[in-house]
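In what follows, a single structure is set out as structure tokens and then discussed.
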């Protein structure tokens, strides 16, 4: 029986949200799935790897043969060249390549890349009480980079990080519903995405009574004390600080917007969703509200799930379950608390939390969202859901830097960025003065991505140190949001015997010889 919900809640961007699965969709899926293929091949015991890879092949065949895949491109060649150049330039500003200044988080990420490059897989961070300690969180992005570096040598790691980041960035941009008109319109639409941010500079002024120091990072302005609860990163900030988390979520969110009204999207999701947690455990929680929204729409319309291909469903359960189990090793060691508890623990109080929360919500998304509602002629349900998610997330705190807020917010922020771009460049909307309000909010928010890009371009760059181990960057401590204890008997049986990571001195010694990884 169809669910009784107002149809207007589920109105979509008809030309852009009912795309058939095409070559671009397949390319995006391949980008997200390649780390999982490498993981299955090199971390599982050979016979299990063969079985699971066989299931993956059968699942891909069963899912994609049930959809109509179009191979011809829809993007004009001259527009693609513009997107290509913009994507390359945006990715080059990220710190992982070390072409420009790298933000301090790359000290840790460089060490993880080095651990994966110099070690046999899976790498072990120690053996205590009968169990190995494994790197488990957000490793998917680095696996293709390390796999190639094992063959060509670590001297290419910076270039490889840039290449993989650039490929993901370009895929994300070409998946967006960009205007096909003049070059100025295309460039402005790309600028909306690159510059999308909350009004951090105004929030800093309101909450702290002073303007932020240029060009320092200002995205933690909503905290009552050190890292209390609130930070929604600009898209540029996400790319420059944590592309390993950002790009998989961006691409998956763009795919959702592109296909959520397409009847053949469900078989495709059976392949897409299981591969996301290896790259970032926050993709599925962030996308979950919108996937439920899509299912409600299908239930309301009587469409349902359709015919699910058995091998694809089996792949989703087997591979998704395997990766999720790896991701949840020692997960109970990660601190979870409410936003109010976090504020009080940092020396604030309930009133401080409420004040910060109210200002944060207004500056980061509420003012922009309410300006979007009267302009949008579609997708208002998605906008309302995105705003609801963003309003609820600060009520919880997970991990030392509140990764729940930082990462799970990303799909909602990306969807709001897409809807801003659609609202501003939808020629059918007569509310030009409303578009002006949106433009003003975006221009105020421009301060944040400009800070990030200016700092990357002008501060002195520093070379990567891939010989330093991850435990060295943590003072010998193994933080539970990165490392888990391999105490699950099923995983132990499925996975190859972990190998200790080489020490910094062993890495330096290896670099003085012709490059080779001992297998």
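No lab work stands behind these numbers, since they all come straight from the coordinates. All figures in this text were calculated on a predicted structure; none of them were measured in a lab. Every residue, glycine as well, gets a Cβ built from its backbone with ideal geometry; the counts of neighbours run over all protein chains shown.
Give me the one-decimal nm value for the distance between modelled label points at residue 92 and residue 488, 7 Å along each residue's Cα-to-Cβ direction.
4.2 nm
Taking 0.36 nm per residue of separation and subtracting the Cα-Cα distance, what length does fully extending residue 53 through residue 350 add?
Details: separation 297, 0.36 × 297 = 106.92 nm, distance 5.18 nm.
Between residue 53 and residue 350, full extension yields an extra 101.7 nm.
Where does each of 356-364, 30-38, 417-425 land if you order them by average Cβ count within 10 Å, highest first? Don't skip to the answer; put the middle values down first.
On the way: 356-364: 21.2, 30-38: 19.7, 417-425: 23.4.
Averaged packing, sorted descending, gives the order 417-425, 356-364, 30-38.
Mind running the shape call on the stretch 122-219? Use the C-alpha gyration tensor, a ≥ b ≥ c as the square roots of the eigenvalues: rounded below 1.5 for a/c, prolate if a/b tops b/c, oblate otherwise.
Values: a/c = 2.82, a/b = 1.42, b/c = 1.98.
It is oblate, given that a/c is not under 1.5 and a/b is not larger than b/c.
Tell me the relative contact order for the stretch 163-265 as a rounded percent, counting alpha carbon contacts under 8 Å between residues six or more apart.
Working: 79 pairs, mean separation 31.5, N = 103.
Here the relative contact order equals 31 percent.
Within 10 Å, count the other beta carbons around each residue, average over each peptide in 164-175, 438-449, and list them highest first. Intermediate results must be reported in sequence, preceding the final value.
Working: 164-175: 22.8, 438-449: 19.6.
Answer by packing, highest mean first, reads 164-175, 438-449.
Along the Cα→Cβ direction, 7 angstrom out, place labels at residue 288 and residue 497. What is the inter-label distance in nm?
3.8 nm
Ranking 507, 136, 496 by Cβ neighbours within 10 Å, fewest first, what do you get? List each step's numbers first, then the result.
On the way: 507 21, 136 24, 496 15.
Listing 507, 136, 496 from fewest to most nearby Cβ atoms yields 496, 507, 136.
Within 10 Å of each residue's Cβ, count the other Cβ atoms and sort 78, 435 from fewest upward.
Values: 78 9, 435 18.
The most exposed by this proxy come first: 78, 435.
Taking the mean number of other Cβ atoms within 10 Å as a proxy for protection, how do you rank 321-329, 270-278, 45-53 from highest to lowest? List each step's numbers first, then the result.
Working: 321-329: 18.6, 270-278: 24.4, 45-53: 14.1.
Packing proxy ranking, top to bottom: 270-278, 321-329, 45-53.
Stretched out fully, how many nm does the piece from residue 324 to residue 81 gain, at 0.36 nm a residue minus the Cα gap?
Working: separation 243, 0.36 × 243 = 87.48 nm, distance 3.82 nm.
Gain on extension, residue 324 to residue 81, equals 83.7 nm.
Could you work out [θ]222 nm for the chain from helices alone, using -39500 (n - 2.57) per DSSP H run of at least four and dividing by all its residues? Round to the nearest 500 deg cm²/dmol. Intermediate values should be presented prior to the final figure.
On the way: 25 runs with 303 residues, N = 519.
Taken over the chain, the calculation gives -18000 deg cm²/dmol.
So if we plug the beta-carbon distance of residue 182 and residue 61 into 1/(1 + (r/R0)^6) with R0 = 41 Å, what FRET efficiency do we get, rounded to 0.05? Write down the numbers at each step before the final one.
Values: r = 42 Å, r/R0 = 1.02.
The formula returns an efficiency of 0.45 here.
Can you give the log10 of the normalised intensity I(q)/I(0) at q = 0.06, 0.11, 0.12 Å⁻¹, computed with Debye over equal Cα scatterers of the chain?
Debye output, listed in q order: -0.28, -1.00, -1.21.
Taking every DSSP beta bridge that has both residues in the chain, what percent is antiparallel when rounded to the nearest 5?
On the way: 10 of 13 bridges.
If we restrict to bridges inside the chain, about 75 percent are antiparallel.
In whole percent, what relative contact order does the chain give with Cα contacts below 8 Å and a gap of six or more residues? Walk me through the numbers before you get to the answer.
Details: 839 pairs, mean separation 156.1, N = 519.
With pairs under 8 Å counted, the relative contact order is 30 percent.
Can you give the extra length, in nm with one decimal, that the chain gains between residue 214 and residue 107 once fully stretched, where that is 0.36 nm per residue apart less the Cα-Cα distance?
Values: separation 107, 0.36 × 107 = 38.52 nm, distance 2.27 nm.
Full-extension gain reported as 36.3 nm.
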